[in-house]
1. Roughly what angle does helix 30-39 make with the longest principal axis of the chain, taking Cα atoms, 0 to 90 degrees, to the nearest 10?
2. Once phi is turned into θ = phi - 60°, what whole-Hz ³J(HN,Hα) does the Karplus curve with 6.51, -1.76 and 1.60 give for every residue of region 121-128, x standing for Gly and Pro?
3. Roughly speaking, what is the stretch gain from Lys340 to Ala313, that is 0.36 nm per residue apart minus the C-alpha to C-alpha distance, in nm to one decimal?
4. Note the angle between two axes, namely the Cα long axis of helix 218-229 and the longest principal axis of the Cα atoms of the chain, as a number of degrees from 0 to 90, rounded to the nearest 10.
5. Using DSSP to call loops (not H, G, I, E or B), can you name the GluC sites (Glu not before Pro) in region 35-86 whose Cβ has at most 15 other Cβ atoms within 10 angstrom?
6. With a point put 7 Å past each Cα toward its Cβ, work out how far Gln4 is from Glu146 in nm, to one decimal.
7. Could you calculate the contour length gain from Ile242 to Thr364, that is, 0.36 nm times the residue separation minus the distance between their Cα atoms, to one decimal place in nm?
8. Please report Rg over Rh for region 193-395, where both radii come from the alpha carbon positions and Rh follows the Kirkwood definition.
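Every read-out reported here was derived from the displayed coordinates using simple, explicitly stated rules and does not represent laboratory data. Bear in mind the structure is a predicted one, so any value in this text is a computation, not a measurement. We place every Cβ from the backbone using ideal geometry, glycine too, and count neighbours over all the protein chains shown.
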Amino acid sequence: MSTQIIQSSNSLEGKTIVLGITGSIAAVRCVELARELRRHGASVHAVMTQAAQKIIHPEAMRYATGNPVITEITGGVEHVEFCGIGGRASLLLIAPCTANTIGKIAHGIDDTTVTTFATTAFGAGIPIIIVPAMHESMYDHPIVIENTGKLTELGVEFVAPVTEEGAAKMAANEEIVLRAERALGGKSLAGKRILITGGATAEAIDPIRILTNRASGKTGIELALLAFRRGADVTLVHRGCIGIQGICEFNAESAQDMTESVLEELGKGYDLLISAAAISDFTVEPSKNKIKSDKDVTLSLKPAPKLIKEARAKYPELKIIGFKAETGVTRDELVKRARKSMKESGLSMVVANDVSKGGMGTDTNDVYLIDDAVKRVSGTKRQIAIEIMDKVEALLEVK
């Protein structure tokens, strides 16, 4: 059966993912999960328990994966072919995973296709990711919690469920794919701690109104996701919440909030600060009450804190990457101003662009990466983040 997939990235290119499906009602989501993994380049092979086959038909998964579905262990020793030593599988992803299956894997019981694959993967050192889905009361059972802890100690990664409506529901497909990307991405930034700022800040005028700018925060988010994919410990400070497990987030409204949050967090020890946020240059003393709209209003602006300046003063050895937005300047002038910022603040690199030509609030951008050299990068903000993170690896001297 041939199924066409339009690839959205090559982050899982060349990887073979065995998708273990157990008897949770969340199994109905596995068609789209398998296809999402394929959109990122993975080859997906489904393994289903008998209980899972009562919820979703194997033919649906054959359609979703484009490969035959394993519903029983035969003389072909499928578990060894994929998850044995030197097997085809890069990752065993069990999604959804029931409390019953978690317990069996934790105690070395392999009486289903999926648990047999898990036992084999353990013996061969193949990474395992488990995505639980069950009733909330089952997920909160002390023995289930104990079994989850036992498997975590053994190196199994868990993608925690979303708890709502009395159920511990399977995590979003996007989050599952992200965790697969991290598990299979080589972890080139493992052990590195990176703090990233992103988006616009907002300065209160009164309890209702704010001063802000057009920055969307997309670049900061893409940088955080990419650093996470490459194994870094990531903290993102911005005005919002992406809610990704494993990425520490701080919500910062104003320039003062962001500066204080970053300076305090840096005290915990970081290898790099990427200051991608479009932090307000000016702030205003807010009115305690709503300003009447039936008359002219004059606002008195005063300079906002300069995050990079204060971070450099407090942490003189910290590596920092800054962003420089200008309007209506030539390429040479843009580079000149960026290099001036580098020298004044001791930056390792500056990402500079002319925002009068686009970039703020859009999905694409055209920037210059300026360190010892100057490199122009155009494309989606994810593509630009990849180029920046390649520079980060060189900067942090990862092997």
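1. Computed tilt is about 60 degrees.
2. 5, 4, x, 9, x, 7, x, 10
3. 8.0 nm
4. For 218-229 against the chain, the angle is about 40 degrees.
5. Glu72
6. Using points 7 Å along Cα→Cβ, the separation is 5.4 nm.
7. 42.0 nm
8. 0.97
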